[in-house]
Amino acid sequence: MLRTKVEITNHSGAGTVIVARFETSAETAGNLMLAGGSSQIFEKFDRLTITAANEGVPGRLRLLNHDAADVVLRHMTKSGNVDEDRIPGNGFADVVVAGGDQIFLSEALPDLIFPERPILHMAILRPQPGPIFAPNQKPAGFYVDLAWHHPDEGSDRLLGFNLYRAVYKGNYPMGQHPLNGAPQIGTSAQVEDVIPPYPYNHRYAIMAVSRDGIESLYSNVRILDSNTRTDLFDAGFICL
């Protein structure tokens with residue numbers, strides 16, 4: 001999406017939202033916190049994904065399309081209901097995003113079909129095994145086992161899966177990046193990693209990728225912090 005320019009205004013008094021901006025699939029991603037009363041223009045992106053940062057305080061957004069072409073707007077609520085709409089060229093849409101919701105903005109491509117999102121059901125931190133003949137030597141590092149599944153319907157149209165990790169300080173996003181180049185084949189992966197030091201935590205999510213290169217919404221997100229070094233807990237369906 002090289003033409004579209006979208007301005008997001010979070011109305012005064014609304015809760016902070018997290019905007020995840022993607023330049024190209026599985027290459028560049030970044031998070032931005034947009035507090036109530038502030039605005040930000042986003043351009044030259046493939047997609048934006050938005051969620052409320054606080055479960056109890058929704059963001060009240062005006063999405064202004066500065067381009068002549070339409071923008072697709074998909075809103076998935078925490079309960080799983082999905083509404084799809086379009087922001088017309090040089091038009092706007094007002095939307096409320098609550099905790100657990102996802103808003104997905106992308107270019108209005110012809111025959112745009114979004115794949116179903118996967119479910120991340122296992123993400124466990126494990127130490128790298130030490131040398132066989134030196135059992136007392138400390139492991140060289142750690143890796144994260146990831147395992148997920150995808151609905152059977154539409155699986156024949158998938159190219160693979162993209163893996164994402166974000167680094168947070170408490171609830172504040174510090175950065176986000178993909179963990180693979182080409183889409184991951186299969187529904188499991190081992191990711192080299194380190195234990196996040198206090199107060200940082202890592203968040204992991206999966207996206208399905210169609211043969212047309214269209215990514216799904218995020219899977220549920222699992223979090224590893226400095227106090228959960230042997231297991232990860234599930235944060236639900238939120239932006240990374």
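The values are calculated or read from the model by the stated rules, or taken from the named source; none is laboratory data. Remember, predicted model here, so these are calculated numbers, not experimental data. As a convention, Cβ positions derive from the backbone with ideal geometry for all residues, glycine included, and neighbour counts pool all protein chains shown. Each accessible area value is taken on the protein alone, full model and side chains, heavy atoms only, with ligands, DNA and RNA left out. Shrake-Rupley method; radii C 1.70, N 1.55, O 1.52, S 1.80 Å.
Miscellaneous remarks
- Sites V167 and A108 - FRET efficiency at Förster radius 41 Å, r taken between beta-carbons, to 0.05: 0.80
- The phi torsions of segment 155-166, fed into the Karplus equation with coefficients 6.51, -1.76 and 1.60 and a -60° offset, translate into couplings of 5, 6, 9, 8, 8, x, 9, 9, 10, 10, 9, 10 Hz, rounded to whole numbers, with Gly and Pro shown as x.
- Estimated FRET transfer efficiency when R0 is 25 angstrom, pair E84-K44 (beta carbons, to 0.05): 0.60
- With DNA, RNA and ligands ignored, accessible area of I18 (1.4 Å probe; Å², nearest 10): 10
- J(HN,Hα) series, segment 65-75, from Karplus relation 6.51 cos²θ - 1.76 cosθ + 1.60, nearest Hz, glycine and proline x: 8, 8, 10, 7, 8, 5, 10, 7, 10, 10, 10
- K5-M33 pseudo-label distance in nm [points 7 Å out on the Cα-to-Cβ vector]: 2.8
- Across the protein chains, with a 1.4 Å probe defining accessible surface, the residues R211, R62 rank R211, R62 from largest area downward.
- The largest accessible area among M76, M122 belongs to the first residue in M122, M76, and the rest follow in falling order (1.4 Å probe, all chains).
- Per-residue Karplus couplings for segment 13-18, computed as 6.51 cos²θ - 1.76 cosθ + 1.60 with θ equal to phi - 60°, are listed in order as x, 7, x, 5, 10, 10 Hz, Gly and Pro entered as x.
- If you model the chain as an ellipsoid using its alpha carbon gyration tensor, with each semi-axis the square root of five times an eigenvalue, the axes come out at 33, 21, 15 Å, biggest first.
- I113 accessible area, 1.4 Å probe, all protein chains in place, Å² to nearest 10: 110
- In plain terms, the chain from Q190 to H66 could stretch by 40.5 nm, reckoned as 0.36 nm per residue minus the Cα-Cα distance.
- For the chain, size of Cβ-based charge dipole, Lys and Arg +1, Asp and Glu -1, in debye: 720
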